[in-house]
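The values are calculated or read from the model by the stated rules, or taken from the named source; none is laboratory data. Quick caveat: nothing in here was measured; it's all calculated off a predicted structure. Note that each Cβ is placed from the backbone with ideal geometry, even for glycine, and that neighbours are counted across all protein chains shown. Remember, those area values only see protein heavy atoms, side chains included, never the ligands or the DNA or RNA. Shrake-Rupley method; radii C 1.70, N 1.55, O 1.52, S 1.80 Å.
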Amino acid sequence: MDPVNKRAAVLGFPVRHSLSPYLHRAAYAALGLTGWRYDAIECREEELAAFVGGLGPEWAGLSLTMPLKRVVFPLLDTVAPLAVEVGAANTVIFRDGARHGANTDVHGIVAALAEAGVPAPASATVLGGGATAASALAALRELGLGEATLVVRDPRRAGETLEVAERLGMSVDVQAFDSFDTSVDLLISTLPSGAADGLAVEASRARAVFDVVYSPWPTELAQAVRKEGGTIVGGFSMLLHQAVRQVELMTGRSPAPVEAMRTAGESAL
């Protein structure tokens, strides 16, 4: 048993309905970390610097939601190369008096696809142009893909994601929602809940679809893909595996108890 009192939390606004506390607390229980606690704390963008600056030595780490994943950069002493490339740090680790930023979202996507048995794609399309889309591009690179299609509502606003693609060394073709080709090996939807409903039938032509939404589930997109016999990967799997990596980084314990975390998360859903 571990008597050390340590703290960690997920920050965001709103964040009270986050599944992260269930996942991390289950990990602590399975690892015997009885002195550890994990909370959900509402924190707006303009409040982050003061919050981080006021943390004591008992803090082990933070999980961040958008837009905090980008706002946190000036507050960090070191940033993992992958987080720099993606332009988003969803994890902060406090160690040796310093603040270290990392990105576990990319790992979450790669691990979720592997768990579902989705092979490395020869072609892929990403729906959406936000931070999760940037992580999706990085995941595709890790799977060996050097090019992808990015589908956004307004191609003129894809500049930030294209900068990420350039840092990743990837070639990206930007298309609009009314003109993209869905007959690809893998389609990744990073759109919020309900936003992909109108594309469900067309998008179901992809051989495999990863929908980052986990609640409510299944989405219309997931149902359409299943009807066509394709492989569907849900957002809960990504959330689980990015949290697994966070637990390992924050606690220094590896491997994290994946199945205990999965059970806790599914029960909370």
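Within segment 90-203, antiparallel bridges make up roughly 30 percent of the DSSP beta bridges whose residues both belong there.
For the chain, the percent of C-alpha pairs falling in each 5 Å distance bin, counted from 0 to the bin holding the largest distance, reads 1, 6, 13, 17, 19, 17, 13, 8, 4, 2, 0, 0.
When peptides 45-51, 236-242 are sorted by average Cβ neighbour count within 10 Å, with the highest value leading, the order is 236-242, 45-51. For the chain, the longest principal axis of the C-alpha atoms and the axis of helix 20-31 are separated by about 60°.
Using a cutoff of 8 angstrom between alpha carbon atoms and counting only pairs six or more residues apart, the relative contact order for segment 1-145 works out to 19 percent. Given axes a ≥ b ≥ c from the Cα gyration tensor, I'd like to know whether segment 131-269 is rounded (a/c under 1.5), prolate (a/b larger than b/c) or oblate. Note, shape of segment 131-269 comes out oblate. The residues of segment 1-90 present an accessible area of 47 Å² per residue when probed at 1.4 Å with all protein chains retained.
In this structure the amide hydrogen of F210, modeled in the peptide plane, comes within under 5 Å of the amide hydrogens of L187, I188, S189, V233, none closer than 5 places in sequence on its chain.
Remark: relative contact order (the chain) = 18 percent; criterion is Cα-Cα distance under 8 angstrom and separation of 6 or more residues.
Running a GNM on the chain with Cα contacts under 10 Å, which residue among A120, A136, A222 ends up with the highest mean-square fluctuation? Between A120, A136, A222, it is A120 that shows the largest mean-square fluctuation.
Applying a DSSP loop filter and a limit of 15 other Cβ atoms within 10 Å to the trypsin sites (Lys or Arg not before Pro) in segment 126-192 leaves R153.
Please label the shape of segment 110-202 as rounded, prolate or oblate, based on the square roots a ≥ b ≥ c of the eigenvalues of the alpha-carbon gyration tensor (a/c under 1.5 means rounded; beyond that, a/b larger than b/c means prolate, else oblate). Working shown, then result.
On the way: a/c = 1.56, a/b = 1.09, b/c = 1.43.
Since a/c reaches 1.5 but b/c is at least a/b, the shape of segment 110-202 is classed as oblate.
When the chain is treated as a GNM with alpha-carbon contacts under 10 Å, the residue of A60, A114, A165 showing the greatest mean-square fluctuation is A114. Close amide H partners of R99, meaning residues 5 or more places away or on another chain with modelled amide H under 5 Å apart, are D77, T78. To the nearest ten degrees, helix 131-142 and the longest principal axis of the Cα atoms of the chain are 80 degrees apart.
Carbon and sulfur atoms: what percent of the 1.4 Å accessible area of segment 189-233 do they account for? Result for segment 189-233: 47 percent of the exposed heavy-atom area is carbon or sulfur.
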